[in-house]
Amino acid sequence: MVRPRVILMCGPAGSGKSTASRALEADGYVRLGWDEEAARRGFHGYPLPDGAVAQVHEAVRARLVELVEAGRDVVVDTSFWQRALRLSYRELLAPLGVVPTTVYLRVPIETLLARVAARTGAGPDDVVLSEATLRRFVAGFEVPTTEEGPLVVVDG
C-alpha cells in the first residue's frame, strides 16, 4: 500500500507558504490552511485569544488524520515556527505510517517585510502585521533541521 504524502509547509509570515501550498493543491494535495481554519472559527488577526491557537491546531490535526486515513496527500499550511509543533505533527502521523516532509521557505527579512507591508487584509492568509510583530516572529522562529526528519529548503 502506498502511504499518503504529507508536507508541513514551514516559514515565517510572508515567506510564501500559502502560494507554495496552493501549487501543491493543484497537483492533487489537499491543503489544510491554518489561517482559514482560524477564520472559520471567528478568529481574525493576531494575536489570537487565549486557547484559540490550540483549538485551531486541534481541528487541523483531526482533519489531517481523516485525510491521511482516506489515503489523501496533504499539505499543512501554517508557519510551524516551533520545533515542538513540528514534532507533535510527526508524532501524530507516526502511528499512521506517514513520515511528513518539512518544506522550509527560507526568505530574507527584507523580502518578508516588503511582502507583509503589501498585505491588505483581503483574506485569512493576507493578515496585516506590524513590522515589529513580524520582527518578533522572525526572531523567535526555530529553523528546521534534518535532525527532525525529511527536510526540503527552498530559498525565496
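A DSSP coil position with no more than 15 other Cβ atoms inside 10 Å describes the following trypsin sites (Lys or Arg not before Pro) in the range 22-71: 41. With all protein chains kept in place, the per residue accessible area of the range 1-132 amounts to 50 square angstrom at a probe of 1.4 angstrom. The order of the peptides 12-20, 76-84 by mean Cβ neighbours within 10 Å, most packed first, is 12-20, 76-84.
Using a probe radius of 1.4 angstrom, the carbon and sulfur fraction of the accessible surface of the chain is 54%. Backbone amide hydrogens, once placed in the peptide plane, bring residue 33 within less than 5 Å of 77, excluding anything fewer than 5 places away on its chain.
A simple spin-label model places the labels of residue 52 and residue 101 3.4 nm from each other, with each point 7 Å out along Cα-to-Cβ.
At 1.4 Å probe size, put 131, 36, 142, 58 in order of accessible surface, largest to smallest. Please list the in-between numbers first.
Values: 131 110, 36 35, 142 85, 58 130 Å².
I get 58, 131, 142, 36, largest accessible area first.
Here the extension length gained between residue 148 and residue 131 equals 3.1 nm, from 0.36 nm per residue of separation less the Cα-Cα distance.
Using Cα-Cα distances under 8 Å and only pairs 6 or more residues apart, what relative contact order does the range 11-81 have, in percent?
Numbers: 64 pairs, mean separation 37.2, N = 71.
After rounding, I find 52 percent.
The mean sequence distance of close C-alpha pairs (under 8 Å, at least 6 residues apart), as a share of the length of the range 8-130, puts its relative contact order at 42 percent.
The values are calculated or read from the model by the stated rules, or taken from the named source; none is laboratory data. All figures in this text were calculated on a predicted structure; none of them were measured in a lab. Using ideal geometry, Cβ is built from the backbone for each residue, glycine included, and neighbour counts are taken over all protein chains shown. When the accessible area is computed, the model is the full protein with side chains, heavy atoms only, and any ligands, DNA or RNA have been set aside. Shrake-Rupley method; radii C 1.70, N 1.55, O 1.52, S 1.80 Å.
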